């Protein structure tokens, strides 16, 4: 999946979801890579954290090669729920990376390990609590307002993190690649001196909108085969 995502980005995947009518599920703003430039893509391996690393170790036992551990720590900012040992063990289990709805620690060690980790940021404090475990601990993970599980794929890069239903991921990726080709061609034409306004027949759009206020720019782009917004 990461190889498939190599030439794409989360903005392109988001635009493809909009075009196809696939519900957008983005991680809250602020979730980013520990190592700038890291990218992640793979099946969601969900785990809810209750104060102990044991839930991660149990999740690794069911991991498939290339899965991404998605950790629900409720977005807490008073504790770091994952560190170097959990990440090393993830790599040993064939996990492609971790996405944390919360904080991490052992930043220097995580950089050295090199496995992609996305979180809100770092904190030296580990958990001092131990909460009751829910039956869904290894079935689904909450991430912001979204609930994700093994029937989802997660994508992450410098712009953030997105979740896409696995059943729709092939068409989403194909559509995202098409949008990428269109946008790259448009960018090259701008660099060559052909403005975006000219490429998108913007004066024609303004005239059509004046005659029909319901005529939107996205409708116009679809008519002329352009891309900017979805």
**Item:** Test for residue 19: is it closer than 19 Å to residue 155 by Cα and at pLDDT below 95
**Value:** yes
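Considering each of 159, 203 in turn, give the residue that is assigned by TED's automatic domain parsing to the domain that holds residue 64 and surrounded by fewer than 17 Cβ atoms within 10 Å (Cβ to Cβ). Write out each step before concluding.
Working: 203 fails: assigned by TED's automatic domain parsing to the domain that holds residue 64.
After applying the criteria, what remains is 159.
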**Prompt:** Quick one: in the range 30-43, which of the residues that are assigned to a loop (DSSP other than H, G, I, E, B) and touching a helix residue (DSSP H, G or I) at 6+ places or on another chain (Cβ under 8 Å) is farthest from residue 114 (Cα to Cα)?
**Reply:** 39
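Among the residues of the range 2-21, is there at least one that is touching a residue at least 60 places away in the same chain (Cβ under 8 Å), assigned to a loop (DSSP other than H, G, I, E, B), assigned by TED's automatic domain parsing to the domain that holds residue 96 and crowded, with 22+ Cβ neighbours inside 10 Å?
So the first thing to find is which residues in the range 2-21 are touching a residue at least 60 places away in the same chain (Cβ under 8 Å), and the list is 2, 4-5, 7-20.
From what's left, assigned to a loop (DSSP other than H, G, I, E, B): 7-9.
If we keep only those that are assigned by TED's automatic domain parsing to the domain that holds residue 96 too, we end up with 7-9.
Subsequent filtering for residues that are crowded, with 22+ Cβ neighbours inside 10 Å retains none.
No, because not a single residue in the range 2-21 is touching a residue at least 60 places away in the same chain (Cβ under 8 Å), assigned to a loop (DSSP other than H, G, I, E, B), assigned by TED's automatic domain parsing to the domain that holds residue 96 and crowded, with 22+ Cβ neighbours inside 10 Å.
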**Fill in**
The condition of being in contact (Cβ under 8 Å) with a residue 60 or more places away in the chain, under 23 Å from the mean Cα position of the chain (by Cα) and loosely packed, with under 15 Cβ neighbours inside 10 Å holds, among 47, 62, only for 62
**Prompt:** residue 72 versus (1) closer than 20 Å to residue 35 by Cβ; (2) buried (at least 18 other Cβ atoms within 10 Å of the Cβ): which is the lone unmet condition?
**Reply:** (1)
**Message:** Let me spell it out: the conditions are (1) surrounded by 15 or more Cβ atoms within 10 Å (Cβ to Cβ); (2) more than 22 Å from residue 64 (Cα to Cα); (3) under 19 Å from the mean Cα position of the chain (by Cα), and residue 142 meets all of them except one. Which number is the exception?
**Reply:** (2)
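Let's see how each residue does on (1) surrounded by fewer than 17 Cβ atoms within 10 Å (Cβ to Cβ); (2) outside any strand (DSSP E or B); (3) at pLDDT 95 or above:
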{"site": "148", "(1), (2), (3)": "no, no, yes"}
{"site": "155", "(1), (2), (3)": "no, no, yes"}
{"site": "171", "(1), (2), (3)": "yes, yes, yes"}
{"site": "174", "(1), (2), (3)": "yes, yes, yes"}
{"site": "179", "(1), (2), (3)": "no, yes, no"}
**Message:** Is it the case, given these coordinates, that residue 96 is in contact (Cβ under 8 Å) with a residue 12 or more places away in the chain, within 25 Å of residue 145 (Cα to Cα), more than 19 Å from the chain's Cα centre (by Cα) and crowded, with 23+ Cβ neighbours inside 10 Å?
**Reply:** no
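The values are calculated or read from the model by the stated rules, or taken from the named source; none is laboratory data. Note that this is a predicted model, so its numbers are computed, not measured. Here the Cβ is made from the backbone with ideal geometry for all residues, glycine too, and neighbour counts use every protein chain on show.
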